[in-house]
Amino acid sequence: MEMLLGGDLNSYPLLLTEEELIAVLRIPKITDAKDHHNVIENLKRMHDLPCIHICRKPLYPIDAVRTWITEKTKKEQCR
């Protein structure tokens, strides 16, 4: 977890765990939700957050997450 707090996006692995994604998106800093995993589930369901499953565990491809952030940013600027 120490790597998460001090590194930039380039220091993350190609596939993020849900805990790493929560740190990357800074979920604890921006929401009062008690369960940060529910926030991620909502982003997957309602906002098409990219995810793959390996051995039934959700993993998040860092390049796809970067693209998703860029696309969400462009859509938000249009509002």
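The values are calculated or read from the model by the stated rules, or taken from the named source; none is laboratory data. In this text, all values refer to a predicted model and were calculated from it rather than measured experimentally. Using ideal geometry, Cβ is built from the backbone for each residue, glycine included, and neighbour counts are taken over all protein chains shown.
Tell me which helices (runs of 4 or more DSSP H) are completely within the chain and hold 3 or more residues being small (Gly, Ala, Ser), more than 13 Å from the chain's Cα centre (by Cα) and at pLDDT 95 or above, or say none if there are none.
Result: empty, no element qualifies.
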Notebook entry, point to check: Within region 36-53, can you find the residues that are in contact (Cβ under 8 Å) with a residue 24 or more places away in the chain and either within 15 Å of LEU15 (Cα to Cα) or of a type in the set (Lys, Arg) (or both)?
Noted result: ILE52
